[in-house]
Amino acid sequence: GAVVSQHPSWVICKSGTSVKIECRSLDFQATTMFWYRQFPKQSLMLMATSNEGSKATYEQGVEKDKFLINHASLTLSTLTVTSAHPEDSSFYICSADPRQGRTSYTFGSGTRLTVV
Amino acid sequence: DAKTTQPTSMDCAEGRAANLPCNHSTISGNEYVYWYRQIHSQGPQYIIHGLKNNETNEMASLIITEDRKSSTLILPHATLRDTAVYYCIVQDPGNQFYFGTGTSLTVIP
């Protein structure tokens, strides 16, 4: 149980375009989801906390207008990278808080974004 | 910000126990210690967590010092598939996970 699915697994887009990444909790409801970014050979960096039905909370230094987060339902959060540039190329990972008696967060398998 | 420090890398012989240390000297009384691992280009995988007492599950054991300022993750019989980056995380009061640099464990045949 407590499975988080991310889609797509990888995506290549042209510079200046926008890309949407989906994070779904498959067998539980998640009022809170988290988005991370990971550059090669580096650790995961928390970008934002996504709250169902309300605005996301962004970490310091993360541009909210560039990384749009929507958490419109209890099973889906989306991250849209707007006007992508090559420096946005990274591994994006989401996680969700299953709650319901569990105390560990479940992570998605990640999305590899390459901007050309 | 991450509240933990870990060695950058470690090696372990296959079949031997892997002991991964973590310092979390600023941990508060009600903050849990979590361990996750990440195999290349995959999402982090939950291993174990604890508050005060030592914990054991099918994957590993977690030893937390009495003052809670450090802990050790023990993989009792390391296999080649245990080669990964291991992250020790203290959960933020806001329930966020801030990852530190982790320990890159290499299991050697």
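The values are calculated or read from the model by the stated rules, or taken from the named source; none is laboratory data. What you see is a predicted model, and the numbers here were worked out from it, not measured in a lab. For neighbour counting, all protein chains shown are included, and Cβ atoms are generated from backbone atoms with ideal geometry for every residue, glycine included. Please note that ligands, DNA and RNA were not included when accessible areas were found on the heavy atoms of the full protein model with its side chains. Shrake-Rupley method; radii C 1.70, N 1.55, O 1.52, S 1.80 Å.
Straight-line cross-link partners of A:K14 among the aspartates and glutamates, defined as a Cα under 17 Å from its Cα and at least 8 positions apart when in the same chain: A:E87, A:D88. What the phi angles of the range B:81-95 give under the Karplus curve with 6.51, -1.76 and 1.60, with θ = phi - 60°, is a coupling list of 6, 7, 5, 5, 9, 9, 10, 9, 9, 9, 5, 5, x, x, 6 Hz, glycine and proline written as x.
Each residue of the range A:68-78 was assigned a 3J(HN,Hα) from its phi angle through the Karplus expression (A = 6.51, B = -1.76, C = 1.60, θ = phi - 60°), giving 7, 10, 10, 10, 7, 9, 6, 10, 9, 10, 10 Hz with x at Gly and Pro.
Considering only DSSP states other than H, G, I, E and B, which GluC sites (Glu not before Pro) in the range A:14-90 qualify as loop sites with at most 11 other Cβ atoms within 10 Å? Kindly include the intermediate steps, with their values, before the conclusion.
Numbers: sites: A:E22, A:E52, A:E59, A:E63, A:E87; in loops: A:E52, A:E59, A:E63.
Within the range A:14-90, the qualifying GluC sites (Glu not before Pro) (loop, at most 11 other Cβ atoms within 10 Å) are A:E63.
Close amide H pairs (under 5 Å, H built 1.01 Å from N) link B:Q91 with B:Y32, B:Y34, residues at least 5 positions away or on another chain. A 1.4 Å probe over all protein chains sorts A:R112, A:R37 by accessible area into A:R112, A:R37, starting with the largest.
Nonpolar atom fraction for the range B:8-109, defined as the carbon and sulfur part of the 1.4 Å probe accessible area, stands at 48 percent.
Below 8 Å between Cα atoms, with a sequence gap of 6+, how large is the relative contact order for the range A:1-66 in percent? Display every interim value, and only then the final one.
Values: 74 pairs, mean separation 14.8, N = 66.
Computed value for the range A:1-66: 22 percent relative contact order.
Only alpha carbons enter this Debye calculation for chain A, each as an equal point scatterer, and the log10 of I(q)/I(0) it gives at q = 0.17, 0.19, 0.23 Å⁻¹ is -0.76, -0.95, -1.34. Amide H contacts of B:R16 (H built 1.01 Å from N, in plane; Pro and chain starts excluded): B:A78 sit under 5 Å, all sequence-distant by 5 or more or on other chains. Backbone amide hydrogens, once placed in the peptide plane, bring A:I21 within less than 5 Å of A:L79, A:T80, A:V81, excluding anything fewer than 5 places away on its chain. Cross-link check: pairs A:K20/A:K55; A:K20/A:K41; A:K20/A:K64; B:K3/B:K69 evaluated at a Cα-Cα cut-off of 20 Å; pairs beyond the cut-off: A:K20/A:K41. Measuring nothing but how far apart in sequence close Cα pairs (under 8 Å, 6+ apart) lie, relative to its length, chain B scores a relative contact order of 38 percent.
Under 8 Å for C-alpha pairs, at least 6 residues apart: give me the relative contact order for chain A, rounded to a whole percent. Could you put the intermediate results ahead of the total?
Details: 295 pairs, mean separation 42.2, N = 116.
It comes to 36 percent, rounded to a whole number.
Around the Cα centre of the protein assembly as shown, unit charges on the Cβ atoms of Lys, Arg, Asp and Glu (plus for the first two, minus for the last two) sum to a dipole of about 280 debye.
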